[in-house]
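For reference, the structure is listed below as structure tokens.
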Amino acid sequence: MQYHIFNDDWLLDKLYKLDTPCYVYDSKLLEDNLANLNLQIRNCLDYQAVVHYALKANDNQELFTIIKKHNLGVDCVSGGEVEYARRAGFSASDIVFAGVGKTDNEIIQALKQKIYCFNVESQQELEVINQLAAQEGLIASIMLRVNPDIDAKTHKSISTGKYDNKFGMPFSQIIDIVNNLRNYLNIKLIGLHYHIGSQICDLSVYKELALVVSKHYQKLESYGVILSDLNLGGGLGVNYSEPEINPLSNFADYFSILNKNLTINKNIILHFELGRSIVAQCGVLLSSVLYTKQTSHTKFVILDAGMNDLMRPALYNASHKIKVLKQSDIYDYYDVVGPICESTDIFAKQVKLASPVRGDKVVIYTTGAYGYVLANTYNKRDKIREYVY
Ligand SMILES: Cc1ncc(COP(=O)(O)O)c(C=O)c1O
């Protein structure tokens, strides 16, 4: 395999040099994935398109620099992220700002910077942005976030486009806003925004999204509202069970399905907010076996990495491929757990492993997205370290 993080010898060498637990990122994999992303935009889309990297997925500085080099914009969900992106050298016009709870201060700072647009999630937020823009003598460019009530066919904890999710507004409310736009003197409506969920693997969901987006676009057009932009969000899923098979994301099918099913003006600028599909596969969590033990019905492997270092399994039952880095003919089934004083500190249940013993090295794959960013120091543990190669 051409990538370091799928080469066991390379990983073992690193594991004996680095203190575990730690995250290791493969910059070559990230570079290749980004190059492929830009290639598929050119090959598969009939529109001008901007991908805004969803910074929340991984904010490692070195990776962010690589992402910038590949000409992406940034999708931010807090004032802190806007500031971080600006400090990393992104221009304000590269930044879109989403989030259901933007504070007045965050709005004012973003207004002053003249970011590309706010993705507005409620009518009250729109009123506040209008008022703050008036106070600052500025015009706020905005997209209205639509909640299209689409089932993203993903884990319920990472679904964002159903009516029982807190995000966006039903299209009926968007119509009301649009009918009253003249009351918002400091607002410039440029488009609609959608983000229906994360780790979407059934790509027919994107066909459904494109059809709904087109219907909404046409409806607004019939009201005389001409949009210049549409933001289709992110959410493209990655292969957690067999990451090494094709670590590059399937951007070709993703863009093709959307392109084929959109019936909108070809001058529209399309925006995307991809996070996981850009960075997930380039990261692994390296760990060591502290202990093994057996109860009446379960064999446990206790790692030095815990749920504080990688929250996804405890937070949303996410499953990651786990491997003990050694040759062995003896395999058995184990619950892989961490050292944290919580029963939910479990990485996987009944996973087949090459009989681990104390000191063995263990790799947890596909941890480049929503890994380190969610890590914390619970139980007064040191914050896990990251290394980029
Ligand atoms: C508004 C918004 N855009 C984009 C993303 C990125 O999603 P993903 O990492 O699944 O591509 C998220 C993440 O949940 C989000 O909330």
- Query: Using alpha carbons only, how many degrees (0 to 90, rounded to 10) separate the axis of helix 204-222 from the longest principal axis of the chain?
  - Reply: 10
- Query: Of all DSSP beta bridges in the chain, what percent run antiparallel (nearest 5)?
  - Reply: 40
- Query: Which value, in debye to the nearest 20, describes the size of the charge dipole of the range 27-280 about its Cα centre when Lys and Arg Cβ atoms bear +1, Asp and Glu Cβ atoms bear -1, and nothing else is charged?
  - Reply: 400
- Message: Using a 10 Å cut-off around each Cβ, can you sort Asp19, Asp345 from fewest to most neighbouring Cβ atoms?
- Response: Asp19, Asp345
- Exposure proxy check: Asp329, Asp8, Asp202, Asp94 ranked by fewest other beta carbons within 10 Å? Asp329, Asp202, Asp8, Asp94
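Please report the antiparallel percentage of DSSP beta bridges with both residues in the range 127-220, rounded to the nearest 5. List each step's numbers first, then the result.
Numbers: 1 of 8 bridges.
Antiparallel bridges make up about 10 percent of those DSSP assigns within the range 127-220.
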- Note on the structure: From DSSP H assignment alone, runs of 4+ in the chain each adding -39500 (n - 2.57), the sum over residues rounded to the nearest 500 puts [θ] at 222 nm at -9000 deg cm²/dmol
- Using only Cα positions of the range 52-171, each an equal point scatterer, no hydration layer, compute I(q)/I(0) via Debye at q = 0.13, 0.20, 0.23 Å⁻¹ and quote the log10 values to two decimals. -0.55, -1.10, -1.25
- Query: Using bins 20 angstrom wide from zero, how does P(r) for the chain break down, in % of all Cα pairs?
  - Reply: 27, 53, 19, 1
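Starting with the fewest neighbours, write out His195, His155, His4 ranked by other beta-carbon atoms found within 10 Å of each beta-carbon.
Ascending number of Cβ neighbours within 10 Å: His155, His4, His195.
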- Query: Counting only the backbone N, which residues of the range 210-242 are under 11 Å from the spot 7 Å out from the Cα of Gln48 toward its beta-carbon?
  - Reply: 228-229
- Note on the structure: Simple SL model, points at 7 angstrom along Cα→Cβ for Leu18 and Asn105; separation in nm is 3.5
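Read-outs throughout are calculated quantities, based only on the coordinates presented, and are distinct from any laboratory measurement. The shown structure was predicted, so the numbers you read here are calculated from the model rather than taken from an experiment. Please note: Cβ atoms are built from the backbone with ideal geometry, for glycine as well, and neighbour counts cover all protein chains shown.
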